[in-house]
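One structure below.
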Ligand SMILES: [Fe+2]
Ligand SMILES: [Fe+2]
């Protein structure tokens, strides 16, 4: 990898990382939606897939504004998170428990994205790239909203059902 000489270089490096990360997520989300049982969770994954497509387009606009080709660089961090998510999808589990696990995997992805977009937003601001900052800020906001939605979903529906599944099993055992 070429030497990073400036904040500009680092910004580009991180943008290429995110471009690849978003594409990995785009491939993973339909699988997560299929693995989800609760209709609300499935819908949340499908909605975020649409958002992700828009986020990729914003990244392409950012590359254009910077006069660079839209190009990704393998994001190992996201590959690891998705690999873990995949193992969870293959894991034998009660549907509601699996939903809770899928939410946990998805939130890890969102937190990675929030950290990454937070960094590139800061760099763009420091470098005075207003439009770039604005576009990346929109992506950041969507990731934060998604994370919050997943928390609400986990608290209100899914974790509760997972607990109930556990209780039912205990009852069956005691009988
Ligand atoms: Fe994203
Ligand atoms: Fe996301």
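Where a number appears in this text, it was derived from the coordinates with a stated rule and is not lab data. Worth saying up front: this structure is predicted, and the values here are computed from it rather than measured. Heads up, the Cβs are rebuilt from the backbone with ideal geometry, glycines too, and the neighbour counts pull from every protein chain shown.
Points worth noting:
- A Förster radius of 30 Å combined with the Cβ-Cβ distance from residue 160 to residue 31 puts the calculated FRET efficiency at roughly 0.75.
- Volume per residue of the convex hull around the Cα atoms, evaluated for segment 61-175, comes out as 107 Å³.
- When only Cα pairs below 8 angstrom with a gap of at least 6 residues are kept, the chain shows a relative contact order of 27 percent.
- Additional length obtainable on full extension of the chain from residue 60 to residue 127, 0.36 nm per residue less Cα span: 22.2 nm
- Computed [θ] at 222 nm, helices only, for the chain once each DSSP H run of length n ≥ 4 contributes -39500 (n - 2.57): -29000 deg cm²/dmol
- At R0 = 22 Å, FRET efficiency that the Cβ-Cβ distance of residue 73 and residue 149 yields, to 0.05: 0.15
- Sequence of 103, 114 once ranked by neighbouring C-beta atoms within 10 Å, starting from the fewest: 114, 103
- Ratio Rg/Rh [Cα only; Rh per Kirkwood] for segment 98-158: 1.13
- A full extension of the chain between residue 51 and residue 83 corresponds to an added length of 9.4 nm, given 0.36 nm per residue minus the alpha carbon distance.
- Net length available on complete extension from residue 134 to residue 7 is 43.9 nm, with 0.36 nm assigned per residue and the Cα-Cα distance removed.
- Rounded to 10°, Cα long-axis angle of helix 95-126 versus longest principal axis of the chain: 20 degrees
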